[in-house]
Amino acid sequence: MLLSIVIFLPLLGVIAIALLRNMGASAIKGIALVISLLTFVVSIGLYTGFEAGIDGFQTDSQLYQKLPWIAGLGISYHIGIDGISLWLVLLTTFLTPICILAAWNSVEKGLSGFMMSLLALETGMLGVFCALDLFLFFVFWEAMLIPMYFLIGIWGGERRIYATIKFVLYTMAGSALMLVGILALYFQNGNSFDLVTLLATEGTFDHSYLLFLAFFIAFAIKVPLFPFHTWLPDAHVEAPTVGSVILAGVLLKMGTYGIVRFCLPLFPQAAADATPWIVPLAIIGIIYGALVAMVQPDLKKLVAYSSVSHLGFVVLGLFSKSHLGIQGSVLQMINHGLSTGALFLLVGMIYERRHSRMIVDFGGLAKKMPIFATIFLIVTLSSIGLPGLNGFVGEFMILLGSFVGGAFSKWYVVFATTGVILAAVYMLWMFQRVMFGTPDNTNASLPDLKPREIVVLLPILLFIVWIGVHPNTFLKPMKASVGVVTEKVKVNESDNTPEVGQVIIDGETQDPVILKVETATLQLIEEEAQTK
Amino acid sequence: MPVEIPEINWSLLMPQLVIVSTLLIVLVFDMIDSISKKTLGWMTIVGAVIALWASINLLQAGTDQTQFNDMFRIDSYSLFFNIIFLVSTILVALISISYLGKGDKKQGPYYLLILLATLGMMLMAAGNELIIIFLGLELMSLSLYVLAGYFRESPASSEAGMKYLLLGAFASAFFLYGIALIYGAAGTTSIPGIAEKLTTESQSPLLLAGTFLLIVGFGFKVAIVPFHQWAPDVYEGAPTTIAAFISAGPKAAGFAAFIRIFMEALPDIQSEWTGVIVLLAMLTMTVGNVIAIAQTNIKRMLAYSSIAHAGYVLIGLAAANDDGTSSAMLYLLVYCVMNIGAFGAVILARTADGESLTISDYAGLGFRKPLLGIFMTLMLLSLAGFPPTAGFVGKFYIFKSAVQAAVQPDVVNTWLVSLVIVGAVNTAISAFYYLRVVVTMYMREPEEELEFNPYPSTLVIGLALAAIGVLLIGILPSLLLNPAQNAVL
């Protein structure tokens, strides 16, 4: 019941705003903010009610619901969460009020429509993460396109119409194929769209390679995995600031969530056979995204391409199919949502002041805007992956998990690691050009952050540090759920797949010498998680 | 030879009888000058509502009987189609009342012809006999020819009527020729009779030729590519209300007879015709959607979109299973509501000097005319098949039935699978041009300020009903799904 409230509370806000839209701008903003904050507060109940020990989906009636919906087609309203979706749900409810507050003064026309789109989008995204019925999942997956389409198309920049149509058509083309896949699964699942019974199915499905492909392409477009990424820079650059935040923060995670929820556990054999094809694509994405980001003159485009690179890491971790790698990927989804979301917010704030996003137009901001520069630095470092901040934990787990546990050549991981270095290059170089040097007259007169803007950014900073210092808060609840995925994935592989921090030498599982230190740390984390 | 007069159960014929009496009443009242012509429109609506109520009652009672020596079949299939026709008629009458304006002498025949066409459609759906179906088809078509050219002073309307008449007559000839050949092969025109004959005797070339002529005839009537050329011209030239009407009810009626003949009379030669249907469906969807992209006139765009939608319905027929039939029925109902709704929104965007039909005229309307913007957006999203609208449910069910037919445990019917994939890809293509109208309404600034007429209340009621229907079916599809599933042949 609680979960349904979380999902549909924003929709209630949409209706409320629709009815009261003549009340004036502050009332509309107030309603939107209150509703989204309320949603966040209620969603904390999901965390407190969460049982970390349960494999699979939570069974508590607050966190799980199943009602008949379209009985004639075997469709039910079936929602629930596990350790993976819990964090994505919380990320969504966390970012939405921040977005509403960030957009406080920047919407010039159609304010009520803007807030309604944002709240409707929240319901759509939450539904995607919570749906346990494939039909319901697809409904939310498609329905969420409409508000995003309006957000980019109405409140976007110069080339917004091109960007928004490209975004919708790319996604629809992918989801059209996924629909066929969903239908084909339906008949193999005893005429039901129930995900839980699908996940419990022993053995492989008929035509599992085609089905894997149908699902994977839809998700790869959403992630976006190279070479399906071309819609992303357009959409990001043209979207309004909060549109970019939501897009990078949550929407892209729908793709990686789909991979870990559907592609890996439903079609383990196909996923295993596809790994040699997908992992290189992920690594190309990491390096290519970083290289293109390096030469971008436009701040927003730079951040957009850095997303391609970061999401490549997530896909790499998922397809390592090791416990550590997948956990790292899920954590990295959250990290990327926070860091990149914050970066887009910061770029938006500076754009509102300077009306430019070109790096050459800036310089010396650090002197005049110390608070802005400090926050920007922390977020930049978090995005690069500085130890002590969130990005490091996720990327390290992914790389280590792929190196020791990945069913592919270790050279791949070596290449992927260069992405971390490249990230430092493009981010720090950008930071240097924007923040240091002597400001010209225009830049010297820019005001520093207002209290509202600090309030917008502080919660994100809090979590950036929290995840960096004590990731166990976040790893513990997802451990069992990731374990379910890795179990499913390993079904068809040999038994001597190495555990965390172990490698096979001469057919025997042994601790590697080189990785002694790192594994020791990680095993400590793991043990601590177990004892708790 | 003694002639036996068959026992007639008049209560089963209630829907048809109500429509006949309504049209007689309209005819009589049209002669009284002191009565406002709008009353005729309301009479049409009341009559259609009563007929609708009667049909629903019969449907709920699970009626399945034949009348007039087995020529006329009242089963849940025909009753479900009655609902489609009557809903279309009610909606069209609602949007017509304000469209025709006040005090015009010509309104009587307008409603009369609409009712006659409705009666023809009901005959087609209930026909258990090729001749009855032909009779219904002609009754419907002749009324529509006149309606398409109803605005005599407008050259476009006259041209539309003429074109429709010529091509329609051509199609009827094909259809009749097909019936003749099938009669030659089977020795009967009764649908169960043909089916019986087919199981006992080997198929003759005559029968196959007749079957394909029937496909051509129906292809013209429901505008399947490559027999679709009349549709855009007729839709563009005909009065917009009539374009809405032609695109909805008659198309459903064509499919009603199409599906009944092919699923009931010709199931034994299914292997011969499914291939053709699959090809036609692919062609129809793709050509309709791709050409629609290039349109700048919204009526022509809707014409091509309605061609494409006929292709989606054909998927249901190609699946050739129970779910295929019921999904086609559900889709036709949904399609009628949303298409009439879309045409209604076009009428709503009326300026002092007529309708604004160029898509670019809609620039900025979304914010200046919020109600119009919402109606239009909802209908177009539904046509494009976005959840949570009825269009999504309809398409989903159609694809589901086709996948069910295609994916068997051991074999995969690659033809059907590719059909579904073509259909799914077409959905994405169609989103492009539907969304373009939405883009124009909400995301572009108008070049010149157009003065729009105030909203007529009947039109808004009609549109509101369509909008409620589209959302209700989208969120609670079981309301219609169960009747549709129970109404299969």
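Bear in mind that the values in this text are calculations on the coordinates, not laboratory data. Because the structure is predicted, anything quoted here is derived from the model rather than measured. Ideal geometry is used to build each Cβ from the backbone, glycine not excepted, and the neighbour counts take in all protein chains shown.
Summary of values
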read-out	value
Length released on extending from B:Tyr177 to B:Ala209, taking residue separation times 0.36 nm less the Cα-Cα span	10.6 nm
Tail beyond 22 Å, pair distance distribution of segment A:224-324 (Cα, percent)	30 percent
Estimated FRET transfer efficiency when R0 is 25 angstrom, pair A:Val425-A:Glu158 (beta carbons, to 0.05)	0.30
Evaluated over segment A:193-267, the Cα radius of gyration and Dmax, each in Å	15.0, 46
Relative intensity, log₁₀ I(q)/I(0), of segment B:42-112 from a Debye sum that treats every alpha carbon as a point, q = 0.13 Å⁻¹	-0.48
Distance histogram in 5 Å bins (all Cα pairs of segment B:64-157, percent per bin)	3, 13, 19, 21, 16, 11, 8, 5, 3, 0
Average beta carbon contacts from partner chains per residue of A:68-76, 10 Å cutoff	5
Taking only Cα atoms of segment B:183-242, radius of gyration then Dmax in Å	16.8, 50
Whole-Hz ³J(HN,Hα) from phi, Karplus 6.51 cos²θ - 1.76 cosθ + 1.60, for segment A:45-57, glycine and proline x	x, 5, 5, 5, x, 7, 9, 5, x, 6, 6, x, 7
Cα convex hull of chain B - mean projected area over all directions, nm²	23.3 nm²
Alpha carbon centroid spacing (whole Å) that separates segment A:122-155 from segment A:440-463	31 Å
Footprinting exposure proxy for B:Thr39, B:Thr440 (fewest neighbouring C-beta atoms within 10 Å first)	B:Thr39, B:Thr440
Segment A:325-395 - Debye-derived log10 I(q)/I(0), Cα point model, q = 0.15, 0.18, 0.28 Å⁻¹	-0.55, -0.72, -1.22
Residue-span extension gain [B:Gln60 to B:Leu17] - 0.36 nm each, minus C-alpha spacing	13.6 nm
Reciprocal mean inverse distance between Cα atoms of segment B:437-479 - Kirkwood radius, Å	13.3 Å
Listed residue pairs exceeding 24 Å between alpha carbons, taken from A:Lys490/B:Lys400; A:Lys109/B:Lys369; B:Lys38/B:Lys299; A:Lys222/A:Lys301; B:Lys221/B:Lys299	A:Lys490/B:Lys400; B:Lys38/B:Lys299
Cα Rg over Rh - the protein assembly as shown, Kirkwood	1.02
Spin-label zone in segment B:454-489 - amide nitrogen under 20 Å from a point set 7 Å from the Cα of B:Thr199 along the C-beta vector	B:488-489
Rh (Kirkwood; distinct C-alpha pairs) - segment B:289-387, Å	14.6 Å
Segment B:363-489, Rg to Rh (Cα coordinates; Rh as Kirkwood inverse mean 1/r)	1.10
Rough spin-label spacing in nm, given labels placed 7 Å along Cα→Cβ, for B:Phe68 and A:Lys367	9.5 nm
Modelled FRET efficiency - R0 30 Å, A:Ala71 with A:Thr48, Cβ distances, 0.05 increments	0.30
Cα-only Debye scattering, segment A:95-201: base-10 log of I(q)/I(0) at q = 0.11, 0.18 Å⁻¹	-0.45, -0.91
Rg/Rg_globular for segment A:29-158, with Rg_globular taken as 2.2 N^0.38 Å and Rg from C-alpha atoms	1.16
Per-peptide average of other Cβ atoms within 10 Å, ordering A:310-320, A:379-389, B:393-403, A:418-428 highest first	A:310-320, B:393-403, A:379-389, A:418-428
Ellipticity estimate at 222 nm from DSSP helix runs (n ≥ 4, -39,500 (n - 2.57)) divided over chain B, nearest 500	-25000 deg cm²/dmol
Cut-off of 10 Å, at most 11 other beta carbons, DSSP loop: longest stretch of chain A lacking such GluC sites (Glu not before Pro)	A:203-532
Isotropically averaged projected area of chain A, using the convex hull of Cα atoms (one quarter of hull area), nm²	23.2 nm²
Enclosed volume per residue, in Å³, of the convex hull spanned by Cα atoms of segment B:108-177	59 Å³
Ordering of B:379-385, A:411-417 by packing [mean C-beta count within 10 Å, highest first]	B:379-385, A:411-417
Size of segment A:1-64 as Cα extents on the principal axes (Å, biggest first)	49, 15, 13
Amide proton proximity set for B:Phe72, modelled H, under 5 Å, gap of 5+	B:Gln67, B:Asn128
Kirkwood hydrodynamic radius of segment B:1-127, from inverse mean 1/r over distinct Cα pairs, in Å	15.3 Å
Cα-projected label distance for A:Ser61 with B:Leu166, points at 7 Å along beta-carbon direction, nm	7.2 nm
Range of Cα positions in segment A:374-467 per principal axis (Å), largest first	55, 28, 15
Computed over segment B:166-309, Cα set: Rg, Dmax in Å	16.4, 54
